[in-house]
1. Starting with the fewest neighbours, write out 4, 322 ranked by other beta-carbon atoms found within 10 Å of each beta-carbon.
2. Kindly give the semi-axes, whole Å and largest first, of the ellipsoid equivalent to the range 97-216, taking each as the square root of 5 times a Cα gyration tensor eigenvalue.
3. Give the residue list of trypsin sites (Lys or Arg not before Pro) in the range 138-236 that are DSSP loop and have at most 13 other beta-carbon atoms within 10 angstrom.
4. Show the residues, 5+ positions off or on another chain, whose built amide H is closer than 5 Å to the amide H of residue 146.
5. For each pair in 59/326; 59/141; 112/186, compute the distance between the two Cα atoms and list the pairs where it is over 31 Å.
6. Any chance you could run the full-extension gain for residue 6 through residue 181? It's 0.36 nm times the residue separation minus the Cα-Cα distance, nm to one decimal.
7. Let's test the formula: R0 of 25 Å, r as the Cβ-Cβ distance of residue 134 and residue 113. What FRET efficiency results, to the nearest 0.05?
8. Arrange the following residues from fewest to most other Cβ atoms within 10 Å of their Cβ: 185, 101.
Amino acid sequence: MNATYQAAIDLLHRASTPHGFLAADQGIDNYSRIWTRDSVVCGLAALASGDIQLIDTFKQSLQTILSNQHPLGFVPSNVNPSNQQEVSFGGPVGRADTPAWLVLGIAAYGLKTGDLAFTHFWKQAVERALITLDYWEFNAKHLVYVPRSGDWADESDLHGYLLSTQLLRLKALELAAELYQRVDWKTKAFQIREAVKGHFHMLTLASKPMEPSIRRIQNEIPEFYWIAGFNPGKVYLRFDLLGNALALWTQIGNDHQNHSLCMFLHTLSEVYPRLLPAFYPEINNSDTAMEVLKNNYSYRFRNAPGSFHNGGLWPVWHGWMTAACKNADHQLATRLLNGMEQLANSSHLFNECYQAQSLTPNGVHSCSWSAAGFVLAMKGLPC
């Protein structure tokens, strides 16, 4: 068995508790909590691995999060497993992606395990989470509006209609529609699919209704990948690794779009041969967006160029992209997996993230979802 893969599985076991997956196998800051986003990533890795104990931990993670859902439907960012009255729904703003992560997790769990008693018990919670996402469209145009700090990259400058959240919701709806046999959810997923096509890719937006901010700079939008997002005053033309991995997973692109994306990834992997950056290009010190980054952090500024959410290297999303590439471009998937293995070593195995140029480890070491990213890179996405 691959030694790095076994190390990833071992780390997930160490991070397992009766309440679910911890964010890391060490008690640092909030990493000793059950996080919705992290738990679902770890849970998908558990399903892909077939490890019964890890799959049970995934179920316990879902149980913890579902038990602490807000009466209005929105979903915790994280829960303190030692005192489940300590529930966080976000920092300065709520997390707009957590309802989609939760629904994605419970639907994937139900479809893979056949544990229909569990999924039926929590059906109303799933319905409330999906209704919450409907409200957060604000304009009934099928795209969720994400506030700044409202998704995984909570210290970035991004806000508005962000690619990754739209595609997470799309996949969650498709899987939930299959699990619960809901035609209305399938219809909504189709509407989201069409809205994403009409706003996030050069090769499809020309024939779709566009928001004015996109129409004004249509000729500047890249042809090789799906853009990171937009809001009424700005279009984010940069490459979003998670968003584009989700584009491959949801099969939203046609053959030409998928081929163009894979060719772009081949080129990008020549510049970043170990891990692909979470966002590209990075924001430099002369960019006006740097002022936003310098004022958007929880404990200390971490977004220097090539670091953290500003072009840093995150094993979890690199692993997700590797898994998503397995059907689209097997050679690329192998290349991305090899880069991931070469970076892994005993001194900083499964670190949270790395500096892009120096490969210096940043964040927390022995990070659970970094290990999950390697499992997904090896095994593929489970559904």
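1. 4, 322
2. 27, 16, 12
3. Qualifying residues, ordered by number: 216.
4. Amide H neighbours of residue 146: 160, 161, 162.
5. Exceeds cut-off: 59/141.
6. Extra length from residue 6 to residue 181 when fully extended: 59.3 nm.
7. 0.35
8. Least crowded to most crowded, the residues run 185, 101.
Only the coordinates and a few stated rules stand behind these numbers; no lab work does. No experiment lies behind these values; they were computed from the predicted model shown. Every residue, glycine as well, gets a Cβ built from its backbone with ideal geometry; the counts of neighbours run over all protein chains shown.
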